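Everything below concerns the one structure shown next.
The values are calculated or read from the model by the stated rules, or taken from the named source; none is laboratory data. Since we're looking at a predicted model, the values are computed, not measured. Glycine also receives a Cβ, built like all others from the backbone with ideal geometry; neighbour counts cover every protein chain displayed. Quick note on the areas: whole protein, heavy atoms, side chains included, nothing else; ligands and nucleic acids left out. Shrake-Rupley method; radii C 1.70, N 1.55, O 1.52, S 1.80 Å.
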Amino acid sequence: MAKATSMDTHLTTPEALPLEENAFGLRWWLAVIISAALVIALFAALFYTALTGIGVWGNNIPFVWGFDLANYGWWIGMANGSALFACLLILWRAPMRLAISRWAEALALAAAICAALFPVFHLGKAWLSYWMVPYPAHTGLWPQPMSPLTWDFWSIFAYLLTIASLWYIGLIPDLAMLRDRARACLKQRIYGLFALGWTGSSRQWALQQHCHRLLALSVIPFLIVMQSIVALELAVTLVPDWHDTGLPVRFVVSGFASGLALAYFFAGLMQSILPEMIDVDDDILDQIGVFTLGAVYLSMFVVGLTALLEWLAPPDSSNSLTEWTSGSGAVLTWSSLFLSKVVPQLLWFRKIRRNRYAAIGISAAIASGIWLDHLSTIILGLAHGHMETAGNLYAPSIIELIILIGTLALCLLIMLIFARLLPLIAIYAANEKQIYNQGERLP
Amino acid sequence: MKALFVAEYTDAKAVSHAQDKLHGIGVDFEIYSATPLHLAKAHRRPKRWLSWIMAASVMIGAALSIATQYWTAQISYPLQIGGRGVGWPAYIPSAIALAMFWGALGAMIAFFGFAKLPRLHNPIFDAEAYPRIPGGAILIAVECKDDNAEQAIAFLKSQDGLQSTEFLQAEQNG
């Protein structure tokens, strides 16, 4: 039996997986403790809402929707945008997918989980949310298929499972690597269970790569449709400012911009607090910044076009543009425009794009601006409806603020736990790059 | 009990050359690596089947969703909404969502089926060279029950870049 003399490997030893114990020091624990505390507050607020009723929120006639729908639309927009970014990188086989696509998919999943809370709790009787499932009830009643609530249920259900599938298929080879490297028996068994016995055979690799790309391809139209559905929930109503054919397009582009902003934020944040976890250098940050700026310009074009068409409309058909820009709620509109359209202009400067703290600040501004856009759409649309109102604007309650901040913490907590248990980058793809760097591509 | 002959290499080009030769010999073999090697002409048929299964699942999911919505709203408990007819466009959002879900589910199930997963134990795990795969080793495993196995083994032993070889005994269904 021939034996190896000295290992002439064409690969460097796989860089230390980001799960080594010494990588999770004070900064990680501090981040987890703070976010866990806020998540506990979130669940306390949700429990209080379910126990007491929607009256503890700021909702009241005419503001039948407020923070709930704004938060839902915002989170699902970020989830869709992040997933779209990851899928496009996978399909283009872009080199930066190695550093980004795994955690961008996880961000999409985390954001979708945050979004999924709202259709359940905004029902009021959250414990009856299972009525949205079409099961044969003793009453003979079924969910109304023409209701946006039913669309929400199926969209969130399908979205969570589809994105989870995409993420898991990409993760299987790395789970196998973790199984093989684990020293503790329990870790080996847990990783082994989820790795499903992956061996790394050429058949498995060919199928895994093909399946991953197929799922990425199928997710893209789904994301565009899903984001349009979020807008259709408003557009199918009789509220004049919502009954707008341009609303789905606006939501799709703003969702993409907010998703990229979320990815940019996460890249900057992780580079600041846990740089050893993530393979994002200044060049990658630069590229994400460029994409984010591009998405912002797309959003600016659509918003500008919408405003222009509104301005060209006969004055007696709708004066929403005047109301939104100079009425009592104008501060929401102008704040949204400033944060999501003006502040990102700083991304024209390369030095700023490559700075992690600037990435955090600018992406937070973009996301906040788009959140304000969602909020102003809902509030100003309802204030400007068919009913005469007292002219007061929506006033959120402290419970709603806790819920909003709590969902931010929930997203961060999910990502921190993910970073602890699983690799944030596709290790196998990073190693693959090294193979091809050694010589020509195989025939 | 079946036996496997396992040869260890570190050069992907040598493995590609070996793959062509082993296909020519007509022996049953498999290649194990830490990263996808993108070997030409490998596994086109199962990949094509996976695509078609996913496409079929999408169609089935859409059809099931529309049928369910129609049956619940028009047959089982008809909803009379101002005498209006069936709201077919309203069925689109749920249909697309479920079509995508069924497509993903079909692709996953097809992937697991063709990749023969889950299979928590595989004889290759017992190979002495298997732990060296993450470090760059590439293993070629040939089933010894084949008539042409001896020819394949002789070829692999003579191949440049060979690091080590071993024989593994495996369970019949393992």
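Peptides B:62-69, A:114-121, A:47-54, B:96-103, ordered by how many other C-beta atoms sit within 10 Å of their residues on average, highest first, read B:96-103, A:114-121, B:62-69, A:47-54. Largest GNM mean-square fluctuation among B:ILE109, B:ILE81, B:ILE53, using chain B with Cα springs under 10 Å: B:ILE81. In terms of its Cα atoms, chain B spans 82, 31, 31 Å along the principal axes, sorted from long to short. For the options A:TRP131, A:TRP324, A:TRP167, a Gaussian network treatment of chain A with springs between C-alpha atoms closer than 10 Å singles out A:TRP131 as fluctuating the most. What number, in percent, do you get for the relative contact order of chain B if the mean sequence gap of Cα pairs under 8 Å and at least 6 apart is divided by its residue count? Computed over chain B, the figure is 55 percent. Full extension of the chain segment joining B:ILE25 with B:TRP52 gains 6.6 nm, where the gain is 0.36 nm per residue of separation less the Cα-Cα distance.
Ranked by the mean number of other Cβ atoms within 10 Å per residue, highest first, peptides A:351-362, A:69-80, B:158-169, A:96-107 order as A:69-80, A:96-107, A:351-362, B:158-169. A crude spin-label estimate for the pair A:THR322 and B:ALA154, with each label 7 Å from Cα along the Cβ direction, gives 9.6 nm. Summed over both chains, the contact between A and B buries some 6000 Å² of accessible surface at a probe radius of 1.4 Å. A Cα-only calculation for segment A:273-324 places Rg and Dmax at 19.5, 60 Å.
Across peptide B:114-124, the average count of Cβ atoms from other chains found within 10 Å of a residue's Cβ is 6. B:LYS157 contributes an accessible area of around 110 Å² to the protein surface, as traced by a 1.4 Å probe with all chains present.
Can you tell me how much longer the chain between A:ARG189 and A:ALA37 gets when fully stretched, taken as 0.36 nm per residue apart minus their C-alpha distance, in nm with one decimal?
Numbers: separation 152, 0.36 × 152 = 54.72 nm, distance 3.11 nm.
Difference between extended and current length: 51.6 nm.
Averaged over peptide A:152-159, how many Cβ atoms belonging to another chain are found within 10 Å of each residue's Cβ?
For peptide A:152-159, the averaged partner shielding equals 5.
What number does the protein assembly as shown give for Rg over Rh if you use C-alpha atoms and the Kirkwood radius? Present the calculation step by step, with values, prior to reporting the outcome.
Numbers: Rg = 27.4 Å, Rh = 26.7 Å.
Result for the protein assembly as shown is an Rg/Rh of 1.03.
Per-residue ellipticity at 222 nm computed for the protein assembly as shown from its helices equals -21000 deg cm²/dmol, with DSSP H segments shorter than 4 residues left out and the rest contributing -39,500 (n - 2.57). In segment A:81-167 the Cα-Cα distances spread across 5 Å bins starting at 0 as 3, 13, 19, 18, 14, 11, 9, 6, 4, 2, 1, 0 percent of all pairs. Counting Cβ atoms of other protein chains within 10 Å of each residue's Cβ and taking the mean over peptide A:108-120 gives 0. Label separation (B:ARG45 vs A:LEU51): 6.3 nm, computed from points 7 Å beyond Cα along the C-beta direction.
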